[in-house]
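> Please see the structure below; I have some questions.
Just so you know, all these numbers are worked out from the coordinates, no wet-lab data involved. Since the model is a prediction, treat every value here as computed from it, not as a measurement. When we count neighbours, we look across all protein chains shown, and the Cβ atoms used for this are built from the backbone with ideal geometry, even at glycine.
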Amino acid sequence: MKVITIANQKGGVAKTTTTASFGYELAKRGFKVLLIDLDPQGDLSYYFNCEADDETKTMYDVLCGNANIEAVTNKISENLYLAPSDLLLAGAEQEMNKTGKEYRLKEKIDVLKNYDYIIIDTPPALGILTVNAFTATNEIIIPSNAGVFSTKAFIQLANTMQGVKKYFNPNLCIGGILITRYNPQTKISKAIRDMAEQMASRLNTKVYETYIRTAIAVEEAQYEQVVIDDYNGNSTVSQDYKTFVDEYLK
Ligand SMILES: Nc1ncnc2c1ncn2[C@@H]1O[C@H](COP(=O)(O)OP(=O)(O)O)[C@@H](O)[C@H]1O
Ligand SMILES: [Mg+2]
């Protein structure tokens, strides 16, 4: 069982889109996949039609209460499962102020046995939810795009990661930076790849060879609440995520 966190404290870099498409594609290839939505905004839950109402148990009940992950998990399709988020998670920082709060998610994940991959979507913040994800994780994947190669943001991410590695999870590593919403036709496309390489070397990691191109199909699919591959399996984005999974599994 491998636990992967999709993280970047910037919003709009395709964390949620990547979690959905990456997980969906792995499931299609026969792996049993659990997606965990840790963003209080619940975009991933919305995407898979698993939005919480007042009755639903969610990751809030897992992290701030006594629920097990299995008790809040929905089956999406063959091999694909989702543990939904809840707006109440926005208050987790206050509610979790007990000893060991960094380990809440790890404890709940450690008892799961049936999954090949667990993929965690995180909020655009480096608070307790992201720290819980990093503590429970084998590997971080960092989606990033043109507008957001700010050195400051990467230093903050690196610091959080180093902190978690030092105190909570010595095995934490970064799988790589995934360039998303990329347009190979623009003048700055080469500069973007160079910047990504620079950030990767600062973080002691690599840039994945595959990049995810910009395509309108992403927003159309999100609007329809279907994964891109089901919306249009021939779209460039759909192809790019398949290529990414090929590269990832190599
Ligand atoms: N490859 C892409 N091409 C075009 N739009 C994209 C692509 N990936 C993501 N988007 C759009 O960008 C926005 C942010 O994506 P999202 O996955 O929600 O990012 P995050 O979770 O990092 O905030 C969404 O409106 C989404 O539809
Ligand atoms: Mg998101």
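> Going by Cα centres, region 93-157 and region 172-244 are how many Å apart?
20 Å
> What's the extension gain from GLU220 to CYS173 if we count 0.36 nm per residue and subtract their Cα-Cα distance? Working shown, then result.
Numbers: separation 47, 0.36 × 47 = 16.92 nm, distance 3.38 nm.
Computed gain between GLU220 and CYS173 is 13.5 nm.
> Moving on to the next point. Report, please, the projected area of the chain averaged over directions, based on the convex hull of its C-alpha atoms, in nm². Please list the in-between numbers first.
Numbers: hull surface 50.6 nm².
Averaged projected hull area, Cα only: 12.6 nm².
> Which residue, LYS190, LYS32, LYS165, has the most motion in a Gaussian network model of the chain that connects Cα atoms within less than 10 Å?
Its mean-square fluctuation being the largest, the pick is LYS190.
> With +1 on each Lys and Arg Cβ and -1 on each Asp and Glu Cβ, how big is the dipole of the chain about its Cα centre, in debye rounded to the nearest 20? Present the calculation step by step, with values, prior to reporting the outcome.
Values: 26 positive and 31 negative charges, 248 e Å.
With only Lys, Arg, Asp and Glu charged at Cβ, the dipole is about 1200 debye.
> Comparing VAL227, VAL237, VAL111, which has the greatest mean-square fluctuation in the GNM of the chain with Cα pairs linked when under 10 Å apart?
In this elastic network of the chain, the residue with the biggest mean-square fluctuation among VAL227, VAL237, VAL111 is VAL111.
> Packing-wise, with mean Cβ within 10 Å as the measure, how do 97-110, 115-128 rank, highest first?
Working: 97-110: 15.8, 115-128: 20.8.
Most protected by this proxy first, the peptides run 115-128, 97-110.
> Whole-Hz ³J(HN,Hα) for each residue in region 100-116, computed from phi via Karplus 6.51 cos²θ - 1.76 cosθ + 1.60 with θ = phi - 60°, x for glycine and proline: what do you get?
Result, ordered by residue: x, 4, 5, 9, 3, 5, 4, 4, 6, 6, 4, 8, 7, 10, 8, 9, 7 Hz.
> Here's something else I'd like to know. Can you compute the helix-only [θ] at 222 nm over the chain? Use -39500 (n - 2.57) per DSSP H run of at least 4 residues, normalise by all residues, nearest 500 deg cm²/dmol.
Details: 12 runs with 105 residues, N = 250.
Per the formula, -11500 deg cm²/dmol.
> Can you give the FRET efficiency for SER189 and ALA125, using 1/(1 + (r/R0)^6), R0 = 25 Å, r = Cβ-Cβ distance, to the nearest 0.05? List each step's numbers first, then the result.
Details: r = 29 Å, r/R0 = 1.16.
It comes out at approximately 0.30.
> Each residue of region 43-50 in order: what ³J(HN,Hα) in whole Hz does its phi give by Karplus 6.51 cos²θ - 1.76 cosθ + 1.60, θ = phi - 60°, with x for Gly and Pro?
Calculated HN-Hα couplings, in order: 4, 5, 5, 4, 3, 9, 6, 10 Hz.
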